[in-house]
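Since every read-out is calculated from the coordinates, none of them should be taken as a lab result. Worth saying up front: this structure is predicted, and the values here are computed from it rather than measured. Cβ sites come from the backbone with ideal geometry, for glycine too, and all protein chains shown count toward neighbours.
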Amino acid sequence: MTGRDRFSTATRIKLLGEQTAARVYRSQTKRQARRSRLTGRAALLALVLCTLIVALAYPMRQYVSQRAEVADLEREKQQASERVQQLRDLKARWQDDAYAEQQIRQRLHYVLPGETGYIVVDPDAARQSRAGLGAADRPWYSNVWDGVDSSDASDQ
């Protein structure tokens, strides 16, 4: 470039354009380098996070299911201890002679010597009870006689 060309407007504009283009190119290159570095870091971070999630998913699922199982077992234990307490109370009641006598009279229709036991049977209720009640709902002796009658009927 000659001295005169150096100060011409066209030359200055051309020189300014080249310098600006070089600065823009350099900044874009730096930005792209920074982006590629950031993208590489982000990819590595994402890979590490995915690996951790996959590695911890099964143990966490096991932990949650075991906690639920422990809660179920504790509930069952509580129910069993309540049932044991009920059975202890029932055993203590049966050891009382008055309770045992009351239950024997009520369930087996027993009477003490010298007493007369009566059972009042309504004919309509008797027909309904034979048709509608199960063996557990009738007195024990009705079930015995029904068994005798049915076996007698099958022999004929």
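What to note about this one:
- Estimated from the Cβ-Cβ distance and a Förster radius of 22 angstrom, the FRET efficiency linking Asp146 and Ile104 is about 0.50.
- In sequence order, calculated HN-Hα J values of region 85-100 (Karplus, 6.51, -1.76, 1.60; Hz; x Gly/Pro): 5, 4, 5, 5, 4, 5, 4, 5, 5, 5, 6, 7, 4, 5, 5, 4
- If R0 equals 25 Å, the separation of the Cβ atoms of Val121 and Lys91 corresponds to a calculated FRET efficiency of about 0.10.
- Label-to-label distance, nm, for residues given as Ser8 and Arg67 (7 Å Cα→Cβ offset): 8.2 nm
- For the pair Val111 and Ala57 in one chain, pulling the backbone fully straight at 0.36 nm per residue adds 12.4 nm over the alpha carbon distance.
- For the pair Ser81 and Tyr25, the difference between a 0.36 nm per residue extended length and the Cα-Cα distance amounts to 12.1 nm.
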